[in-house]
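Reading through the structure tokens given below for one structure.
Throughout, read-outs are computed from the coordinates displayed, never taken from laboratory work. Remember, predicted model here, so these are calculated numbers, not experimental data. Note: ideal-geometry Cβ built from the backbone for every residue, glycine included; neighbour counts use all protein chains shown.
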Amino acid sequence: MNIVAAIDFSDAASSVLAEAERFARALSAHVYLVHVAEPDPTFVGYEAGPPVVRDDMADTYRHEHRRLQEKAAKLRAAGIEATALLVQGPTVRTILDEARRLEAGLVVAGSHGHGAVYSLLVGSVSEGLIRHAPCPVLVVPARKGEDG
């Protein structure tokens, strides 16, 4: 079985990792840590700007990839098969695409608990996953004071 754990480095990330590890142990599953990076500006129809902007984005992607790799290494050190994937695109669609591609049996994602007005205006990643995922989705609440 494969588990997709959506990691965004928010307050919920530590809880998401803990739950993914718990389910991976119980199910002898492989965990794919998926972090969705912001799309490249040229991908969404905007110019990337001067080279300094592109360099800054590249640094951000390298930093996020390194953090994700560290989290996967911790899982592997704990005896869990884990792979880190940094992908670009719209968050919900990209996570769903990866879940389908990896034939995930479970998606684990965090909830930020922004409230009804925020969800109405901006939308909710966890809600989008629940509505459209090809498999069960475990939504883990953020616990204040955690770091991703």
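Taking the simple approach of a point 7 Å from Cα along Cα-to-Cβ for both A77 and H65, what is their distance in nm?
Each label point lies 7 Å from its Cα, and together they span 2.2 nm.
Give me H132, H30 ranked fewest to most by other Cβ atoms within 10 Å of their Cβ, as a rough exposure proxy.
The order, fewest Cβ neighbours first, is H132, H30.
Simple spin-label model, 7 Å along Cα-to-Cβ: Q88 to F9 in nm?
Between Q88 and F9, the label points sit 1.6 nm apart.
Please order V137, V87 by the number of other Cβ within 10 Å, starting at the fewest.
The order, fewest Cβ neighbours first, is V87, V137.
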